[in-house]
Amino acid sequence: MSEFGAFRFPSVGGVAAPPSADAMEGMLIAWHELWWRTPGDGASPFAKDGPWHLAQREVGDIAGSYSVTLIETDAGKLLEVRKIDSPRPRPSLRTREVAVRDAVDAWLEALPEPIDRAVLVQASKWKYRGQDQVPWGKVKARLGYDRSARRLAGRYREALCKLVCRANGVPERHWRGLMAREAVLAV
């Protein structure tokens, strides 16, 4: 028997839905990583009709992005040293990871309110970037939300609980019970 009584946990593409809001939040954060690792369509934002194969670098150019570090020589002078910054590697996705990414996409699309989807995506993106606290004022401005930033933070938690209910096949009206249960467990 599941956490919600007689309801069973459905799966999308073989991916079981998480039973708690914290687990769903973890899946949303991982979802951003999976989308970052997903290869693009290969389209370039630059013009394709120029003779770019004939372009040459100048002698002092460093290919790619770099950072400048100041080091002190034995003579006491400061010397600028350029270090080439290589981006972290993007390993290709495994079949299971594609299934997880697509399942989270399907769960998000199942939410009827577009503002719920938007707040989940924006807030989890901040957490994916390593922020412990979501800057709700910035999220509010980005979404054009007409109520307070505190209300938006509450709406985020509500949307997480609604998403857990939708993903697990539980009627969405049970999100308040899930939210109350998790608040009691957090104390």
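Tabulated values for the structure
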| read-out | value |
| --- | --- |
| Rounded percent of accessible protein surface that carbon and sulfur make up, the range 46-187, 1.4 Å probe | 53 |
| Residue-count net charge about ARG176 - beta-carbon cut-off 13 Å; Lys, Arg +1, Asp, Glu -1 | +1 |
| Net length gained if the chain between ALA106 and ARG94 were fully extended (0.36 nm per residue, minus Cα distance) | 2.5 nm |
| Calculated FRET efficiency for the pair ARG37/ARG173, C-beta based, R₀ 25 Å, to 0.05 | 0.10 |
| Probe 1.4 Å, all protein chains present, accessible-area order of ARG57, ARG96, largest first | ARG57, ARG96 |
| Nearest-0.05 FRET efficiency for GLN131 and ARG82, computed from C-beta distance (R0 35 Å) | 0.70 |
| All lysines inside 30 Å of LYS140 as judged from Cα atoms, apart from same-chain residues fewer than 8 positions distant | LYS125, LYS127, LYS162 |
| Accessible area in the full protein assembly, largest first, 1.4 Å probe, for LEU93, LEU78 | LEU78, LEU93 |
| Over the range 117-187, equivalent-ellipsoid semi-axes from the Cα gyration tensor in Å | 22, 14, 12 |
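The values are calculated or read from the model by the stated rules, or taken from the named source; none is laboratory data. The shown structure was predicted, so the numbers you read here are calculated from the model rather than taken from an experiment. Here the Cβ is made from the backbone with ideal geometry for all residues, glycine too, and neighbour counts use every protein chain on show. To get the accessible areas, we keep the full protein, side chains included, count just its heavy atoms, and leave off ligands, DNA and RNA. Shrake-Rupley method; radii C 1.70, N 1.55, O 1.52, S 1.80 Å.
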